[in-house]
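The values are calculated or read from the model by the stated rules, or taken from the named source; none is laboratory data. Keep in mind it's a predicted model, so treat the numbers as computed, not measured. Using ideal geometry, Cβ is built from the backbone for each residue, glycine included, and neighbour counts are taken over all protein chains shown.
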Amino acid sequence: MIKKLIVFNFIVFLISLNAVHSIEPDIFVQSTVNRASDTLSADKTKEERIEELKQIALDTVDIKGIGFYSLGKHRKNLTSDKKKEYSKVFKDYFLNSFSSRLAEYSNPVIEVNSKEKINDNYTIVSSTLAATDKRPAIKIDWRIYTKNPDKPLIRDLIIEGLSLARTQKEEFNSIIQGADGDVEVLFVSLRNFSKK
Amino acid sequence: MIKKLAIILITTLALTVNTYAGSDGELLLKKNDPSNVKDCFEGFNRATFAFNQALDGILFEPVAKAYRILPSPVRTGVGNSLNNLSHLVTIPNNILQGDFKQAGINTGRFVINTTVGILGIFDVATQMGFSEYVKEDYGQSLGTAGVGPGCYLVLPVLGPSTIRDTTGSMMNILGGDPWYNVSVKNDTRYFNEKDYYVSRGTDGINFRAKNIESFDNLEENAIDFYASVKSLYLQDRKQKILNSKGVVDTMNDSDWEEIEDK
């Protein structure tokens, strides 16, 4: 009986341990949004905001995953050294693009509405960016990569049904195809963007 | 000239219709996937895109910015009124897509908003509990019937389109838009062609005014702005043709799964 009780308690302990450590995707999104919102509404210089936003992106976005997704079929033609180089170039590009996109906003209000688990790897979290007097409310869905439930990561933002990752993938493909399949041209474009 | 252009477009469109017309949603999804839409006229498209951008910088963006100075209730009223007018194209397309229930709802909304809502300025129907209004057009109806998008096309002034969607737009001036029929095509005592073109122009300005920051942000952060706009347009059309609000319906997860072995 005591043995059974110990086993039972141990199982309950394991379950509770898991519950403590795994983060629900919707809570993850809300906390990320709150973090970004705090940064944007704080009395800081633009440069300070950008640095903080970059750190938020490093903590919450699967930059490497998005980078390879954006490369699409061209990823298969890269050597492992080129993949490493691309990951670095893409990371710089992404952080610059991400922070400059957000830095212009002041205190955006985003409300998380619901979540839908697609499979063990992905959950879509639905949210709404509140309307202002200049623009209507905007529906934003977040593709959250949940393979490691303890550390969910953002892989895509889907704004009014339009995927930013998908758009970027087609943009990159257009650049590479325009250069007759030369991926180096994309590397140059990404580096130039990061220097802006 | 317009008749000739319509015939050319319809003929080209006929060539894009394949034997799978009218098949299931999965095929519809595949056909309308942005990556499957060919950019057959890329040189022409990029030139037209550059022209449109210049025109936007000189004309549309400044006008849209000026339009935004108007008080919010005025802009809302203008937007409502234009939305109300678009029911005249949406309702026949609800019917063409076999969605008779939605056609009935939209007819009710149009009647209420045109009368009680004073020519659509006030969206009384939504306040009465009518479901959210979703626009439909002839391009979407062709897509729903299984017609593939054909090549991507950038039209001067009008912007991104496809062969199918351009053909759909031509249907508006070939009798499919009652507003065009009573204002431009037929000489009525109440409306003339100026009313039609003003309404279309205002619709464009209203759209541009709502998206000034989004467009600027997109342009500033794009490496290839043309490719970004093309992707966004084709994604939007795909979603509209599938009448899908959920991203899960339109996203192909294999896209993402392929990077698992990165």
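Points to keep in mind about this one:
- Which listed residue, of B:83, B:106, B:93, is under 22 Å from the mean Cα position of the chain (by Cα) and within 23 Å of residue A:131 (Cβ to Cβ): B:83
- Criterion (farther than 17 Å from residue A:70 by Cα, among the small types (Gly, Ala, Ser) and either surrounded by 18 or more Cβ atoms within 10 Å (Cβ to Cβ) or modelled with pLDDT under 90 (or both)) met by exactly one of A:127, A:174, A:163: A:127
- The conditions of being outside any helix (DSSP H, G or I) and either farther than 24 Å from residue B:54 by Cα or modelled with pLDDT of 90 or more (or both) are not met by residue B:230.
- Of the strands (runs of 3 or more DSSP E) lying entirely inside region A:75-180, those carrying at least 1 residues that are of a type in the set (A, V, I, L, M, F, W, C) and at the interface with chain B (Cβ under 10 Å from one of its Cβ atoms) are A:122-129, A:138-145, A:153-159.
- Members of region A:181-190 that are more than 9 Å from every other protein chain (Cβ to nearest Cβ), under 18 Å from residue A:87 (Cβ atoms) and not aromatic (Phe, Trp, Tyr): A:183, A:184, A:185, A:188
- Every condition in (1) surrounded by 19 or more Cβ atoms within 10 Å (Cβ to Cβ); (2) under 24 Å from residue A:116 (Cα atoms) is met by residue A:94 except one, and the failing one is (2).
- Restricting region B:213-243 to residues that are at the interface with another protein chain (Cβ under 8 Å from one of its Cβ atoms) and closer than 20 Å to residue A:136 by Cα, the residue that is farthest from the chain's Cα centre (by Cα): B:217
- Positions within region B:190-212 being surrounded by fewer than 16 Cβ atoms within 10 Å (Cβ to Cβ), more than 9 Å from chain A (Cβ to nearest Cβ) and within 21 Å of residue A:105 (Cα to Cα), in sequence order: B:207
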